[in-house]
Structure formats: structure tokens, C-alpha cells
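> Just dropping this structure here.
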Amino acid sequence: MDYQSNVIDNCVVLLLGILNDLKGMIMLIPKSMKAALLKDYHRPLELVDMPVPKPAEGEVLIQVEASGLCFTDVHIWKGEHAPPTLPLIMGHEGIGLVVALGLNASRLKVGDRVGIGYVYGACGHCRDCLTGGENYCPHFDATGYSVHGCFSEYVCVRDQWANKIPHGITPVEAAPLMCAGAAAYASIKKTGVQVGDTVAIFGMGGLGQYAVQISKLMGLRVIAVDISTEKLVTAKELGADETVTAGDKAGERIIALGGAHGCVNFAPVTSTWPIMLEACNPRARIVLTGVPAGEMAFYTYQVVERGLTVVGSSASNRQEMNELLRLAAGGKVKGVINEMPFDDINTALSELIEGRVEGRIVLTMKGADF
Ligand SMILES: [Zn+2]
Ligand SMILES: [Zn+2]
């Protein structure tokens, strides 16, 4: 009798344990979700109910917790960077939880917190993909551009491309790292500077602010350059060693401070170009990340005699994203963030277009638990 009841007890304990594990694994996924649809350029996004997408092979379904707004979204919204098809759900700075796995999506598990960046996926076998330049692959698909993005409650992403978010970074802090932070990190890396070298960072908007903090974590000496005194004060608070007001004497001033071994331009203006040329030490690299509309001219000797290199930088690859997330773990990279509810997405878009925000806007989802 005793033996029998013991067996029954053990079975009950085992069953309860299995049920508990299942509860943790199964997340309730509704049939429909709220999404912000871009139907026509220059028109407010339409908040609609639409079916929750099903993850295809190699994809995972993410419940979005936070979603950053980026200036690329404005270019898409205006039709200046027209996507292949409309209507479209924009958004490529998303953080959320994995809630379902598609076939052969085995890298992640349900409950993982992941980040969604601009590159949805690349071909994986061209020269660029195989040599660390997957973000320059001629055949890459972009999240929130060629496929639906994360201005919605749920989004499907490729499991090989979702980035696991380390502990100690909140979804709101992590969201802008997916594009702005990663672009800033990749740009600083392209300067090729070594620990102790000086990097001059031009433009103290969202990317510049990330670049200052990242450079300090990488052991660099930082000179922050901007036209706004206010922004330079923020740069100093974020760790910049020196600040220089952009203007006629800025190049001379940087040289007086020891010159730059690398310059990065995030400012969307061409007026920083002659300053950078003047501020460079021999063999320095100038990295162009901001995209001003005008031309940047130079006398050949300015580049030749000092052996300068000028290089462009756009987005980041997965390795750079992982390196950034490791640097930022524990909340060591802080953005200047304006948090707004997802329902206010059109107000957020107007504020970004009219330049009324400092730093980045992050939309948070109702019901997201963090
Ligand atoms: Zn972006
Ligand atoms: Zn490729």
C-alpha cells in the first residue's frame, strides 16, 4: 500500500513539475494585434487591428516591448527613401520577447529578450556577407522597409539575426542601440584608433552622444564638436574629455589639443568637412556617417600629404552589434531618451520631423511587462 501511494505521490509531483514547465513555455498569443500602418507618404500612420503574423521557417515571433523612432523612418514616411511596397509597418529599433518559434528556428527559446535592427537578413554568401560586410550586401532586406518592422505589437524576425539583450539594460534603453547605438559603434571602430588615441566626434545628436560614451568605454580620448553650447555641456556630462564649438577656428583648436587620430561626422552638414581635414593628425581616418545633401570638396594635397583615409559607414554587422551590447551590458551606455506610449506614434513622428526632441524617441507598448 505504502509503496503504491509513494509511486502515486511521485507521479503527481512529476506531473505538476511538467505542467509548471509548460506554463513557462506557452505564451498566450492573441489572433489580432495593433499596428501603425504607413498607407500614403506624408499622411499620419493608421492605427489598425490586423492578424498577428505567423513565423515562417527560420523566423521567430516577437512580442514588442519598446520601439525606437529613427530619422530613416522619416525619410521612408516622406517617400524620399521609398519602400518597395505600401502599406508598410515601419520600425527597426525594436526590443521584445520571443513568444513563438518557426520551423528550424533553434537558436533562440521562448522568453528570450531580443533586439531587432535594420538588417532583417542578407544573402549570406556574397563577398560582402562573407567578409564582415553583411550590412553592405547588395541583396539585404531591411526591417521596417522591405519587410514589416516593429511599430506593432508583434513582429516576425529571422532567428539568426535577432540580438540577445544582456541583463541590466531595460527595453527602453536598449531600443535605440539597435540602430543609433550600433551605427555609432561601427563608425568609431572604422577610425581604427587604439586605446589612448584621440577621436574627434562631430555632431552631438543621438548618435554623437552614444559615440562619446562608447569611445570612453573603449579607452579613447574624446573631443566633442558641435555648434550648440548646450549639446557640448551634455557631451561633457557623458564623458567627453574636451569640447570644441564648431566654427572657423575649430580645426586649429583641435590641433592645439593634440589633433585627432580619427574623426567621425554625424552632423548632417558639410561645414564640418574642412574642420575635420584641418584637425587630423598624419594617417588619421575620417569616417562619414551623417549624410548631408551637399558635396564635400578637398584639395588633393590635404589628403595625400598626410596620408589620410576617408571612409563611409552605414548601420552595423552582427558582430559589431554584439560587441556594442557587451559594452553596454549593465546599463553603461545611456541615451537621452524621450519615452512615449505607442498610441502617440503620430505625435512622436511630428516631433521628430520638426526637430522638437533632443536625443531619441522610444515608444512603449501597453501591456508590455518590464
Ligand atoms: Zn535607424
Ligand atoms: Zn550578401
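Nothing in this text is a laboratory measurement; each read-out follows from the coordinates by a stated rule. Everything quoted here is computed from the prediction, not taken from an experiment. Here the Cβ positions follow ideal geometry from the backbone for every residue, glycine too, while neighbour counts run over all protein chains shown.
> Using the number of other C-beta atoms within 10 angstrom as an exposure proxy, rank Arg127, Arg221, Arg360 with the fewest first.
Arg127, Arg221, Arg360
> Expected output is a single nm value to one decimal: the length gained when fully extending between Glu339 and Val311, i.e. 0.36 nm times separation in residues minus the C-alpha distance. What is it?
6.7 nm
> Determine the percent antiparallel among the DSSP beta bridges restricted to the chain, to the nearest 5.
55 percent
> Now for a different question. Taking 25 Å as R0, compute the FRET efficiency from the Cβ-Cβ separation of His81 and Ser32 and round it to 0.05.
The formula returns an efficiency of 0.30 here.
> Per DSSP H run of n ≥ 4, the term is -39500 (n - 2.57); total these for the chain, divide by its residue number, and report the mean residue ellipticity at 222 nm rounded to 500 deg cm²/dmol.
-8500 deg cm²/dmol
> Per Stokes-Einstein, at 10 °C and 1.306 mPa s, what whole-number D in µm² s⁻¹ belongs to region 47-106, with the Kirkwood radius over Cα pairs as the hydrodynamic radius?
Here the translational diffusion coefficient equals 118 µm²/s.
> Need one number: convex hull volume per residue for region 168-290, Cα atoms only, in Å³.
95 Å³
> Here's something else I'd like to know. Determine how many Å³ per residue the convex hull of the Cα atoms of the chain encloses.
Hull volume normalised by residue count: 165 Å³.
> To continue, here is another question. Quick one: which of Lys190/Lys236; Lys39/Lys78; Lys31/Lys366 span more than 19 angstrom between C-alpha atoms?
Lys190/Lys236
> Kindly rank 293-300, 96-103 from highest to lowest mean number of other beta carbons found within 10 Å of each residue.
So the order, starting with the most tightly packed, is 96-103, 293-300.
> Say R0 is 41 Å: what FRET efficiency, to the nearest 0.05, do Asn322 and Glu252 get from their beta-carbon distance?
Computed FRET efficiency for Asn322 and Glu252: 0.55.
> Mark the label point 7 Å from the Cα of Tyr301 along Cα→Cβ and return the residues of region 252-289 whose backbone N is within less than 15 Å of it.
Hits in region 252-289 for Tyr301 at 15 Å: 278.
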